[in-house]
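Worksheet: one structure, shown below.
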Amino acid sequence: MRLFTALLLCLGLAAPAVASDLSVSLSTPGGAPIADAVVMVAPEAGVHGARPLAGPFQMAQKDMEFQPFVLIVPVGADVAFPNLDRVRHHVYSFSPAKTFELKLYGRDETRVVHFDKPGVVPLGCNIHDSMVAFVLVVDTPYAGMTDASGQAVIHGVPPGAQAVRVWHPYLRAPGNAVSVAAAVPQDGAVRVQATGDLWTPVQPHRMY
């Protein structure tokens, strides 16, 4: 009986802490929701055993736009760049995180790029200057995107005090990111509010 009790205690001590859902709401100072923002959590204890962001990953060229406007991928991801337009595109980036060039290719053709370092990768088309998008390469599995209502939910966040980083390409902040603190419980859910102001690019992809 004592051996059985000791075994139960050992199993209880070895059991992993229950994770929680983290909900983040992002808006402007005036209360307007901000979509297409990336929410990230990088726990100090590391991310061992966490599920990586799931693929496949795609940045399409359709209707003379990149779709999606912002794409989150993990380090080591392969991203497909299919051309779904009737015209040819020439995709490139000069980012330190990933410099590449996909020379002119036509409809229903696809190119693939391997992203091996974390960072922001702005995209452009050498033929169509109005085409702009961003690939954000992250080294944490705890990442998500805000929707049209400015909401993002990240599942399975470890409990404890966590620093939440929110990034948007047009956010008025150092590195286009703001940070907020979140006290994540052992289980259940927690909600935090973040506020940021957006600047409008000379050739805006979207108006917020």
* Structure fact -> Of the residues in the range 81-130, those that are closer than 17 Å to LEU71 by Cβ and among the acidic types (Asp, Glu) come to ASP116
* So HIS155 clears everything in (1) in contact with a Ser or Thr (Cβ under 8 Å, 6 or more places away or on another chain); (2) within 21 Å of GLY55 (Cα to Cα); (3) assigned by TED's automatic domain parsing to the domain that holds MET40; (4) not polar (S, T, N, Q) except one condition, right? Which one? -> (1)
* Return yes when PHE94 is under 18 Å from ASN176 (Cβ atoms) and surrounded by fewer than 15 Cβ atoms within 10 Å (Cβ to Cβ) and no when it is not. => yes
* Can you tell me which of ALA152, ALA163, ALA133 is touching an Asp or Glu at 6+ places or on another chain (Cβ under 9 Å), closer than 18 Å to PRO68 by Cα and either among the acidic types (Asp, Glu) or touching a residue at least 40 places away in the same chain (Cβ under 8 Å) (or both)? -> ALA133
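The values are calculated or read from the model by the stated rules, or taken from the named source; none is laboratory data. Owing to the predicted nature of the structure, the values given are computational and were not obtained by experimental measurement. Please note: Cβ atoms are built from the backbone with ideal geometry, for glycine as well, and neighbour counts cover all protein chains shown.
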